[in-house]
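Step one of this worksheet: look at the structure below.
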Amino acid sequence: MATNEQLQASIDNLPERPGVYQYFDKSEKIIYVGKAKNLKKRVKSYFTKHHDNYKTKVLVSHIHSLKFIVVDSELDALLLENNLIKTYQPKYNIQLKDDKTYPWIVVKNEPFPRVFQTRQKRNDGSTYFGPYPNVKVMQTLLSLIQERYTLRTCALDLQEDKIAAGKFKTCLEFHIGRCKAPCVGYQSRTAYDELIAEISLLLKGKTHQLLQQLKQKMADHAAAYEFEKAHETKLLVEQIEKYRSKSSIVSPSISDTDVLTFDEDDSRFFFNYLVIEEGAIVHAFTSEVVRKLDETADDILSYILPELRQRFESSSKQVVVEQLPLIELPGMQFNVPSIGDKKRLIELSKRNVSYYKLEQLKKATLTAQQPTSTDRILVQIQHDFKLKELPVHIECFDNSNIQGTHPVSACVVFKNARPSKKDYRHFNVKTVEGPDDFATMKEAVFRRYRRLLEEDQSLPQLIVIDGGKGQLGAACEALRELNIYGKVAIVGIAKRLEEIFFPGDMYPLYLDKRSESLKVIQYLRNEAHRFGITHHRNRRSKAAVTSELEQIEGIGEKTIEILFKKFKSIEGIEQAEESALEAVVGKAKTKLLKGYFEGR
């Protein structure tokens, strides 16, 4: 892809070190922030690779200049990336829902600190606890604090010299027993700070530690015959135990643990995040992020998990997940439990994700225009193609090969007139020799629906074949052999004039070029072509690099598989240190590999 000279110079001068890169458009507005182990390789890939994702192509077309920041480690890059995304909110970066709408409990940085609710977190030295996505939890905590602790609520500047000078007078809060009047010296700074220390333990979720301290305090009061104080402490203990019993207790043995589960569709990533302290859930947050550039689950995880941990001030090393991610995040150890309390935590978190996703889908349904555009399109397709049922499930097949090499077929699936990418399938042709497009189509269709029938899965209401009468006839043969011909509607679409062929009809159907039905069918055909070409290109590339290593005498298929699993590419193998290669394949094969690369 062509780039302007200044941008190309910037790319050429990038260091091969960890860091963060920023892309700017013509107006010098930042449009994307990314992190990389190797800045030069990562940035260069945007301009040298073919991008199937439309949004990525759009991003690259708008890049006018770039800046970068070199850091010491991947963790530094991760944290810096998160901070820059939060600060600049670039157009093409995924972003978490803003937490400014969620309340905090603040312990104010002042003499005799106040404790109250706020929605504005300031850099004023105060201690903030939260945020609290569940406002009821926060209100329960505040009620407990206000009921059992005698704290001041006024905003007076209680400096020692002002108290000593007698500048203040007791107020109604003192007379009704809700404040011990530190403003006139009736309560010492030390005694007040002891209360704040207890409250801080409660807000941190350290209830077990707090209860131990209070029970010891209660015993000390009783031993000193201070029975009234002992009774007050006992009431506080009972109140905290009552609060703790209403909290989501997992197991006293589980502490300092984060839990993250997720669900996803083609455009959104739904997740639930739990923070566990001393066996209890102290924070629970469920939300979603919208995909911007066809990011994988691991891409999104690498952004949201550090951001969530920073937001909820979690420093736990253990993160419990449903399945191990491919990424490694410094300072975190992923754990996939199979039994026990941690497994039940996963199930609880997963239920929260499911409920949230269902709720969001219901909201979308309620707010959508009536009738929905999807319903209108499906009804139009049913009418144009004379279908018995509404085509909520459509599948399309396409073949890809170059001069008969590495033939593949692609099957893409649309549900409710939209791509369902998780259901896409590709087929490496097994029974066809040479460039036989018809036989290839027959094999792919046969294998696809034999599998659906064997697994007792539902069949589509419409099958679209990318090709003319020949490909359509081959697909129909496959359906006849499976005894489902006539049970599923099938058509072919020829590229040249966008002709729609029905089995057995001599003349094709021509749909209006502005027809929504035709646009959906074209979208299906283009998706099948894109998906097939991508897989075909990957097969050719893999075959090329594999065959290159097979030229080395003494290097077999198993060794090649191990090398690619560890080093990912020919370049990775070639650039690997000798010690790293020896650790994987031994000294003898390392010598063969190094000899080959040096002589290339």
**Message:** Sorted from largest to smallest, which semi-axis lengths in Å does the alpha carbon gyration tensor of the stretch 398-521 give for its equivalent ellipsoid, taking the root of 5 times each eigenvalue?
**Reply:** 22, 18, 15
**Asked** Hey, what angle do you get for helix 373-384 against the long axis of the chain, alpha-carbon based, 0 to 90 degrees rounded to 10?
**Response** 20
**Fill in**
Share of accessible surface on carbon and sulfur in the chain, whole %, 1.4 Å probe and ligands ignored, is 50
**Asked** Given 5 Å bins starting at zero, what is the percent of C-alpha pairs of the stretch 148-280 in each, up to the one with the largest pair distance?
**Response** 2, 8, 14, 15, 14, 12, 11, 8, 6, 4, 3, 2, 1, 0
**Fill in**
Sorted by accessible surface (1.4 Å probe, heavy atoms of the protein chains only), largest first, T153, T296, T261 come out as T153, T296, T261
**Message:** Which three numbers, in whole Å and largest first, are the semi-axes of the equivalent ellipsoid of the stretch 50-184 derived from its Cα gyration tensor as √(5λ)?
**Reply:** 49, 18, 11
**Message:** Quick check: net charge around V320, other residues with Cβ under 12 Å of its Cβ, Lys/Arg +1 and Asp/Glu -1?
**Reply:** 0
**Asked** Based on Cα positions only, what radius of gyration and what Dmax would you give for the stretch 113-223, in angstroms?
**Response** 15.6, 45
**On Cα atoms only, tilt of 516-550 relative to the major axis of the chain in degrees** = 90
**Fill in**
Between the alpha carbon centres of the stretch 132-209 and the stretch 437-474 the gap in Å comes to 73
**Distance between modelled label sites at K67 and N134, nm, 7 Å Cα→Cβ extension** = 4.3
**Message:** Output needed: percent of Cα pairs per 5 Å distance bin for the stretch 254-339, bins running from 0 to the one holding the longest distance.
**Reply:** 3, 13, 28, 26, 18, 9, 2, 1
**Complete:** Projecting the Cα atoms of L326, I304, Q239 onto the charge dipole of the stretch 216-345, where Lys and Arg contribute +1 and Asp and Glu -1 at Cβ, the residue farthest towards the positive end is Q239
**Request:** Could you sort 508-517, 278-287 so that the peptide with the highest average Cβ count within 10 Å comes first and the rest follow in order?
**Result:** 278-287, 508-517
**Request:** Determine, at each q value in 0.34 (inverse angstroms), the log₁₀ of I(q)/I(0) that the Debye formula gives when each Cα of the stretch 55-97 is one equal point scatterer.
**Result:** -1.13
**Item:** Fully extended contour minus Cα-Cα distance, from S315 to F47, at 0.36 nm per residue
**Value:** 92.7 nm
**Item:** Compactness index (Cα Rg / 2.2 N^0.38 Å), the stretch 1-74
**Value:** 1.04
**Request:** At 10 °C and 1.306 mPa s, grab the translational diffusion coefficient of the stretch 286-387 from Stokes-Einstein with a Kirkwood Rh over Cα pairs, rounded to a whole number in µm² per second.
**Result:** 92
**Size of charge dipole - the chain - debye, nearest 20, with Cβ of Lys, Arg +1 and Asp, Glu -1, no other charges** = 940
**aspartates and glutamates whose Cα lies under 16 Å from that of K589, excluding same-chain neighbours fewer than 8 positions away** = E548, E550, E553, E557, E561, E574, E577, E578, E598
**Item:** Heavy-atom accessible area order for Y449, Y485, largest first, 1.4 Å probe
**Value:** Y485, Y449
**Item:** A191 paired with R530, simple spin-label distance in nm, labels 7 Å along Cα-to-beta-carbon
**Value:** 7.2
**Request:** Between Y510 and E328, take the C-beta separation as r, use R0 = 56 Å, and let me know the FRET efficiency to the nearest 0.05.
**Result:** 0.50
**Request:** Return the FRET efficiency for the residue pair E481, Q216: r is the Cβ-Cβ distance, R0 is 45 Å, and the value is rounded to the nearest 0.05.
**Result:** 0.05
**Asked** Taking K342 as the anchor, which lysines have their alpha carbon closer than 22 Å to its alpha carbon, excluding any fewer than eight residues away along the same chain?
**Response** K204, K206, K246, K317, K350
**Prompt:** Quick one: what do you get for the stretch 118-163 if you divide its Cα Rg by 2.2 N^0.38 Å?
**Reply:** 1.47
**Request:** Please find the FRET efficiency linking D298 to C154, where r is the Cβ-Cβ separation and R0 is fixed at 56 Å, and quote it to the nearest 0.05.
**Result:** 0.65
**Item:** lysines whose Cα lies under 17 Å from that of K29, excluding same-chain neighbours fewer than 8 positions away
**Value:** K67, K86, K91
**Fill in**
Length gained, Q146-T431, 0.36 nm per residue minus C-alpha separation, equals 94.9 nm
**Cα-only radius of gyration and Dmax that characterise the chain, units Å** = 32.3, 105
**Asked** Going by the alpha-carbon gyration tensor, a ≥ b ≥ c the square roots of its eigenvalues, is the stretch 550-600 rounded (a/c under 1.5) or, if a/c is not under 1.5, prolate (a/b greater than b/c) versus oblate?
**Response** rounded
**Message:** How large is the direction-averaged shadow of the alpha-carbon convex hull of the stretch 155-199, in nm²?
**Reply:** 3.4
**Asked** Can you give the helix-only mean residue ellipticity at 222 nm for the chain, where every DSSP H stretch with n ≥ 4 adds -39500 (n - 2.57) and the sum goes over all residues, rounded to the nearest 500 deg cm²/dmol?
**Response** -15000 deg cm²/dmol
**Fill in**
Rounded to one decimal in nm, the spacing of the 7 Å Cα→Cβ label points at E498 and K204 is 6.6
**Asked** How big is the charge dipole of the stretch 415-524 about its Cα centre, in debye rounded to the nearest 20, if each Lys and Arg gets +1 on its Cβ and each Asp and Glu gets -1 on its Cβ?
**Response** 420
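The values are calculated or read from the model by the stated rules, or taken from the named source; none is laboratory data. The shown structure was predicted, so the numbers you read here are calculated from the model rather than taken from an experiment. Here the Cβ is made from the backbone with ideal geometry for all residues, glycine too, and neighbour counts use every protein chain on show. The accessibility values were calculated without ligands, DNA or RNA, using every heavy atom of the protein model including side chains. Shrake-Rupley method; radii C 1.70, N 1.55, O 1.52, S 1.80 Å.
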